[in-house]
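The values are calculated or read from the model by the stated rules, or taken from the named source; none is laboratory data. Note that the structure is predicted; figures quoted are calculated from it, not measured. Counting neighbours? That spans all protein chains shown, and the Cβs are built from the backbone with ideal geometry, glycine included. The accessibility values were calculated without ligands, DNA or RNA, using every heavy atom of the protein model including side chains. Shrake-Rupley method; radii C 1.70, N 1.55, O 1.52, S 1.80 Å.
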Amino acid sequence: MRWLNRLPNSRRSPPGLEWAIWKRLPAILLWGTVLPTAVAAVAWWWAPARPPGVEDPALLLFIYQLVGLVVLHWTFVLTLAIGCAVVMVMKGSAFVADAYPLPEQI
């Protein structure tokens, strides 16, 4: 027995903005990860030389903020991907599940 049965004569809605966003998500994820990582690498490379074991607290704070920015970007992209997937499913063909008999009211 199949879980869902497609409704006869159901039509799919035409694709919209969700497909354009969905196709760009890998590039958005890549660039949003690479750019802050490159900025952190350049900041670390250009930092003045210090004795071993001594780090610049301002530089470390800046790098931690960039790490937080990357993680925030990943959550935004994931949220956007979930939203696109929901819209794509909702625009698809209509399905009907098994009948659920409603309880009789007393």
**Message:** Among the residues of segment 45-62, are any open to solvent by less than 70 Å² (accessible area, probe 1.4 Å) and within 25 Å of the chain's Cα centre (by Cα)?
**Reply:** no
**Request:** Filter segment 9-29 for residues that are part of a loop (DSSP other than H, G, I, E, B) and loosely packed, with under 11 Cβ neighbours inside 10 Å and give the result.
**Result:** Asn9, Arg11, Arg12, Pro14
**Message:** So the check is Cβ under 8 Å with 6+ separation or different chains; which pairs have a first residue in segment 49-67 that's part of a helix (DSSP H, G or I) and a second one that's open to solvent by 90 Å² or more (accessible area, probe 1.4 Å) and not hydroxyl-bearing (Ser, Thr, Tyr)?
**Reply:** Leu59/Trp44; Ile63/Trp44
**Message:** Exactly one condition in (1) surrounded by 10 or more Cβ atoms within 10 Å (Cβ to Cβ); (2) free of Cβ contacts under 8 Å to residues at least 12 places away in the same chain; (3) not charged (D, E, K, R) is false for Trp74; which is it?
**Reply:** (2)
